[in-house]
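The values are calculated or read from the model by the stated rules, or taken from the named source; none is laboratory data. Everything numeric in this text was worked out from a predicted model, so none of it was measured. Glycine also receives a Cβ, built like all others from the backbone with ideal geometry; neighbour counts cover every protein chain displayed. In case anyone asks, the SASA skips ligands and DNA or RNA and just uses the protein heavy atoms, side chains included. Shrake-Rupley method; radii C 1.70, N 1.55, O 1.52, S 1.80 Å.
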Amino acid sequence: MDWQATRPGETSAPLPERQDAHLVFIGRICTPFATRDQCPRQGDSENGPECRVEIDAPWHAALIGIAAFAHLDLLYWMHQARRDLGTQTPRGAEPLGTFALRSPVRPNPIALSRVRLLRVEEGALIVRGLDCLDGTPLLDVKPNRCAQSPAQEHRHATS
């Protein structure tokens with residue numbers, strides 16, 4: 001399939017010349033998926049393949065304590081995605097706005113995956129639940145829940 005082709009009902013927008021942010025890639029994601037056709041629509045944190053998240057050397061110390069968490073949120077840059085579609089036509093469906101979809105095609109191709117942490121190795125995380133191409137640049141790693149966050153209070157109305 002030609003992922004760069006515009007399908008019926010899709011519209012594109014011109015990309016601005018300016019760039020507003022400077023992002024630092026902190027590593028790469030190693031998956032068994034060489035093409036977008038091979039990527040699952042969403043990752044499976046229970047039965048998906050083991051994937052390796054390689055962290056660049058300057059950030060190895062940032063992994064201290066990460067093994068205490070069962071699930072992590074990974075933010076990554078979908079480096080091969082188009083960035084110009086305002087509307088998209090999912091397979092077999094009517095056109096929808098890009099922001100109503102989890103498609104990789106978006107103005108800023110930032111993805112979020114909740115993964116299950118299997119183990120921590122020297123400078124790497126072994127996880128399940130990814131749906132991205134092999135070699136995808138990593139932006140950030142966050143625990144799904146953090147023990148240092150204050151407990152959220154639940155207030156109930158009384159009569």
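Tell me, yes or no, whether region 46-57 has at least one residue that is closer than 24 Å to residue 145 by Cα, open to solvent by less than 60 Å² (accessible area, probe 1.4 Å) and at pLDDT below 95.
yes
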Exercise for review: Of the numbered conditions (1) open to solvent by 30 Å² or more (accessible area, probe 1.4 Å); (2) more than 28 Å from residue 145 (Cα to Cα), residue 67 fails exactly one; give the number of that condition.
Suggested key: (2)
Check your understanding: Given the residues 115, 127, 120, 105, which is the only one that is at negative phi and touching a Cys at 6+ places or on another chain (Cβ under 6 Å)?
Key -> 127
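Yes or no, residue by residue, for (1) acidic (Asp, Glu); (2) in contact with a Leu (Cβ under 6 Å, 6 or more places away or on another chain); (3) open to solvent by less than 50 Å² (accessible area, probe 1.4 Å):
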{"residue": "104", "(1), (2), (3)": "no, no, yes"}
{"residue": "111", "(1), (2), (3)": "no, no, yes"}
{"residue": "114", "(1), (2), (3)": "no, no, no"}
{"residue": "119", "(1), (2), (3)": "no, no, no"}
{"residue": "124", "(1), (2), (3)": "no, no, yes"}
{"residue": "127", "(1), (2), (3)": "no, yes, yes"}
{"residue": "130", "(1), (2), (3)": "no, no, yes"}
{"residue": "134", "(1), (2), (3)": "yes, no, no"}
{"residue": "138", "(1), (2), (3)": "no, no, yes"}
Point to revise | Only one of 41, 36, 18 that is out of contact with any His (no Cβ under 9 Å at 6 or more places or on another chain), surrounded by 14 or more Cβ atoms within 10 Å (Cβ to Cβ) and basic (Lys, Arg) | key: 36
Study note, to complete from the structure: The strands (runs of 3 or more DSSP E) lying wholly within region 26-132 that contain at least 1 residues that are under 21 Å from residue 13 (Cα atoms) are 71-77, 85-88, 110-121
